[in-house]
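Shown next, in structure tokens, is the structure this report addresses.
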Amino acid sequence: MQQGLLLVNLGSPASPRTSDVKKYLKEFLSDQNVIEMPKVLWQPILRGIILPTRSWRSATFYQHAWLRGGLPLIVYTQMITNQVQKLLPDWNVKMAMTYGQPDIVETLQQMQKDGCSNVILLPLFPQYTKSSTQSILDQANPAKVPLTIIDRFYQEPTYQKILAAQIQKVWDQGKYDELFFSYHSIPTAMVKHGDPYQDECEATTATVSELLTIPNDKIKTVYQSKFGPMPWLKPYLKNALMQAVELGHRNILIATPSFVADCLETLEEDYVQNYQTFKTSGGDKFELVPPMNDDPRFSQFIADLATRNQVK
């Protein structure tokens, strides 16, 4: 029997066409781990307001980011999967997506048919949160496949060292006033209900900062990608950028540790929208540390992490 490893990321529309984006957003925003509002209240808002107005706008963003092989998130996740498979030639290594294709249940069941007696399920989200990690775990359960779950890896020293090395390399190449650790935000209500995400983000910043030669007073934790009218974790990246300029800090470097692959949030929200906000406010230098993407050090880390957790 063979050991399996399933790497799971968020997902992507089948194409950047409005109809496919609408289908994807409907699936994503109907997940009650993402939107906790009761369905009877949320679904009329989603179907009557959000999808008709947001789908076409989001489609233009996807069109800007789309590569020949699909959305960068899909392309890079496949690259990571391929690299890990080469590092673990005796394993069956596959990828799946929380929303869209490849489907989690279908992939797990096929891996079992192919001879996997156990599959290590590894969400590609360093920090645990209900709105991403828990959705993956919930979707995997109906597959009825024996699983070993790795539900976070922000605390792994090797991951921290890779992230620190990536940040330090870019910092040393330019003169920056501040370093922002920017994480995908979540509703504050989730944190109040016990979600550990904020603590894990702050721990990521703290532990990685210790590995950097950057003064702590130049490092800040911020959050991005807020959705809807409810309060989400603050400070928001966009506001922090404007405040930095007001303080005379016009050269900002941003790391995005909650994203292991380039996606709409890094490519469109940050490099376009937040960049424009920063420049309009009077900022000068705006740069992002690339996510892990196809960095072979990250793929080796994933392979080693999986090996340590394999069923003996």
Region 87-115: number of residues that are within 23 Å of the chain's Cα centre (by Cα), in a helix (DSSP H, G or I) and farther than 19 Å from Q310 by Cβ: 3
Unique residue being closer than 15 Å to A164 by Cα, surrounded by 15 or more Cβ atoms within 10 Å (Cβ to Cβ), under 14 Å from the mean Cα position of the chain (by Cα) and not aliphatic (A, V, I, L, M) when the list is T266, T205, T256: T256
Qualifying residue in region 92-102 (condition: within 11 Å of L6 (Cα to Cα), assigned by TED's automatic domain parsing to the domain that holds K26, among the aromatic types (F, W, Y) and crowded, with 18+ Cβ neighbours inside 10 Å): no
Condition check for P16: of a type outside the set (S, T, Y), without any contact (Cβ under 8 Å) to a residue 60 or more places away in the chain and either assigned to a loop (DSSP other than H, G, I, E, B) or outside the structural domain of I104 (by TED's automatic domain parsing) (or both): yes
Top-ranked residue of region 32-56 - restricted to ones that are within 21 Å of the chain's Cα centre (by Cα) and surrounded by fewer than 17 Cβ atoms within 10 Å (Cβ to Cβ), ranked as modelled with the lowest pLDDT: E36
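Name the residue, out of L51, L41, L10, L29, that is at negative phi, in contact with a Lys or Arg (Cβ under 8 Å, 6 or more places away or on another chain) and not assigned by TED's automatic domain parsing to the domain that holds V191. Before the answer, list the steps.
Numbers: L41 fails: in contact with a Lys or Arg (Cβ under 8 Å, 6 or more places away or on another chain); L10 fails: in contact with a Lys or Arg (Cβ under 8 Å, 6 or more places away or on another chain); L29 fails: in contact with a Lys or Arg (Cβ under 8 Å, 6 or more places away or on another chain).
Of L51, L41, L10, L29, the one residue that is at negative phi, in contact with a Lys or Arg (Cβ under 8 Å, 6 or more places away or on another chain) and not assigned by TED's automatic domain parsing to the domain that holds V191 is L51.
The values are calculated or read from the model by the stated rules, or taken from the named source; none is laboratory data. Keep in mind that this is a model prediction, so the values were computed, not measured. Every residue, glycine as well, gets a Cβ built from its backbone with ideal geometry; the counts of neighbours run over all protein chains shown.
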